[in-house]
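Remarks on the structure that follows.
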């Protein structure tokens, strides 16, 4: 009889018990994933941040303070509602000289001009006065504008009138004013996201007003999931979803007139103005969601694709492998349907 024969368990059974003991020890030593949430208000809307960590002693107050500090800094540079912000000072500067700007404002202007070039002006941040003319922004005007007023303002707008030079920006028209609302939330998401990664966290979800960027996985070890709201013109948009997206380490932004509109003399006007015509858009597109690597880029492209009809937008992004888009369009018979690029993967589509 061998020594093994004297053991109360056979070798195979012993290996199994050793494995189970090791598994039990590993499970006992590993901390369960915990979800930490942070929220607040910024940019005229709300934000939500989620961090998943094994660390049970995370300094919640420090992280909350850091997030708010990042967002305060972004507003100090990009808020057109703050008369003392950098962009407001830029708009008030009527000199045709080089204007030194911060890296924050420069980055946003640079990306905006890139999207403007790609869309031939469907996206344009020189629309401050045009938005005000239609009743949007910090200095809205009453009543519907006339064609003459629209053409007058169009004469002093246009992304071609902004020139970026090293560490500075030049206005070719001294009356030109910038409105970066169509891309600022996305930039804010990116800034908060990157700050949290710098703190050593790997699983992060950042959302500002529906614009999202994430990394890693949620507390259940799954990809972060995001719903696309079914667009309805309403004072209180419903929470009914058109589809659900597994956002695998990407950013997503959604644009739709249901989010921001005004009513003048019984006429509902969406906030998406076509910079090329000066008038609110009238297309078959009800909302557009864009997935790409940065939320700033997703935000800008979602706005641009809201200006274009589905066929124009689909043709424009079809060759851009870094972009994926989903459109909710209204058909000729008043029905709705989802159109999307091949790489935009969804679950539970409503249409």
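The values are calculated or read from the model by the stated rules, or taken from the named source; none is laboratory data. Remember, predicted model here, so these are calculated numbers, not experimental data. Counting neighbours? That spans all protein chains shown, and the Cβs are built from the backbone with ideal geometry, glycine included.
Computed quantities for the displayed model
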quantity	calculated
Subset of region 287-311 that is touching a residue at least 12 places away in the same chain (Cβ under 8 Å) and surrounded by fewer than 21 Cβ atoms within 10 Å (Cβ to Cβ) - its residue that is farthest from residue 179 (Cα to Cα)	310
Qualifying position, being modelled with pLDDT of 95 or more and surrounded by 13 or more Cβ atoms within 10 Å (Cβ to Cβ), among 92, 64	64
Set 90, 123: member being in a loop (DSSP other than H, G, I, E, B) and either under 14 Å from residue 296 (Cβ atoms) or in contact (Cβ under 8 Å) with a residue 40 or more places away in the chain (or both)	123
Hits in region 137-175 (condition: in contact with a strand residue (DSSP E or B) (Cβ under 7 Å, 6 or more places away or on another chain) and assigned to a loop (DSSP other than H, G, I, E, B))	143, 144, 167, 172
